[in-house]
Amino acid sequence: VDLSIESITEKLKSKDIRPSYQRVKVLEYLYQKGGHPTVDEIFRALSVHIPSLSKVTIYNTLHTLVDADLVRVVDIDEAEMHYDIILSDHGHFQCEVCGTIYNFQVNIGQASIEGLNQFEIKQKNVYFKGICSNCLEQEQNRSKHHE
Ligand SMILES: [Zn+2]
Ligand SMILES: [Zn+2]
């Protein structure tokens with residue numbers, strides 16, 4: 001992905017979004033950082049450089065970017081909304097120990113679905129929850145030390 005300010009500005013313009021400084025910065029952060037940040041995480045990272053920035057601005061900016069299909073919402077977490085710059089189909093796994101959201105490959109298009117023939121499907125999400133391999137390993141190490 002081309003992360004230059006010019007290409008990010010072009011991306012916004014191509015969706016008829018005015019490339020304000022905040023919008024460019026939020027989109028740049030998402031491209032650079034990847035993963036599935038929350039409003040709070042984006043705010044903490046960007047407010048260091050942009051003291052005038054408010055959480056409301058970030059929230060509104062994300063709303064605009066989601067509406068324009070430049071960013072998507074990951075609502076796997078009851079506590080907070082997460083945002084994802086990867087738009088192609090993939091599944092999400094959230095670890096209930098460390099809270100990390102992992103991407104995984106899944107062929108959503110090939111899932112056999114019955115009973116929705118007359119429905120208009122707008123979103124297809126695959127959400128798994130459990131314990132990630134890092135946390136499982138740590139648990140095993142801890143129990144070894146107690147032996
Ligand atoms: Zn974990
Ligand atoms: Zn993702």
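The values are calculated or read from the model by the stated rules, or taken from the named source; none is laboratory data. Nothing here was measured: the structure is a model prediction, and the numbers come from that model. Glycine also receives a Cβ, built like all others from the backbone with ideal geometry; neighbour counts cover every protein chain displayed.
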Inset, instruction - Test Val39 against the stated conditions and say whether it is of a type in the set (A, V, I, L, M), farther than 19 Å from Ile8 by Cβ and surrounded by 13 or more Cβ atoms within 10 Å (Cβ to Cβ). - result: yes
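Hey, any hits in the range 102-121 for a residue that's more than 12 Å from the chain's Cα centre (by Cα), under 24 Å from Tyr59 (Cα atoms) and not basic (Lys, Arg)? Outline the logic, then answer.
Step one: of the range 102-121, the residues more than 12 Å from the chain's Cα centre (by Cα) are 104-121.
Next, only the ones that are under 24 Å from Tyr59 (Cα atoms) stay: none.
Looking for residues that are more than 12 Å from the chain's Cα centre (by Cα), under 24 Å from Tyr59 (Cα atoms) and not basic (Lys, Arg), one finds none in the range 102-121, hence no.
Provide a single number: the residues in the range 23-48 that are more than 16 Å from ligand 1 (Cβ to nearest atom) and closer than 19 Å to Val74 by Cβ. I'd like the intermediate steps shown before the answer.
Start the filter on the range 23-48 by keeping residues that are more than 16 Å from ligand 1 (Cβ to nearest atom), which leaves 23-34, 37-48.
Applying the additional criterion that residues be closer than 19 Å to Val74 by Cβ yields 26-27, 29-34, 37-45.
The total comes to 17.
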Legend entry - Count of the range 43-67 residues which are under 30 Å from Ala111 (Cα atoms) and exposed (fewer than 15 other Cβ atoms within 10 Å of the Cβ): 2
Legend entry - Within the range 101-135, tally of residues that are among the basic types (Lys, Arg), surrounded by 11 or more Cβ atoms within 10 Å (Cβ to Cβ) and at pLDDT below 95: 1
Legend entry - Hits in the range 38-52 (condition: modelled with pLDDT of 95 or more and touching a helix residue (DSSP H, G or I) at 6+ places or on another chain (Cβ under 7 Å)): Val39, Ile42, Phe43, Ala45, Leu46
Inset, instruction - Test Ile101 against the stated conditions and say whether it is in contact with a Leu (Cβ under 8 Å, 6 or more places away or on another chain), among the aliphatic types (A, V, I, L, M) and closer than 24 Å to Ile42 by Cα. - result: no
Inset, instruction - State the number of residues belonging to the range 49-95 that are within 16 Å of ligand 1 (Cβ to nearest atom) and in a loop (DSSP other than H, G, I, E, B). - result: 3
Inset, instruction - Mind counting the residues in the range 96-137 that are closer than 19 Å to Gly35 by Cβ, more than 14 Å from ligand 2 (Cβ to nearest atom), outside any loop (DSSP other than H, G, I, E, B) and in contact (Cβ under 8 Å) with a residue 12 or more places away in the chain? - result: 4
Inset, instruction - Would you confirm whether any residue within the range 72-91 is at pLDDT 95 or above, surrounded by 18 or more Cβ atoms within 10 Å (Cβ to Cβ) and under 30 Å from Gln140 (Cβ atoms)? - result: yes
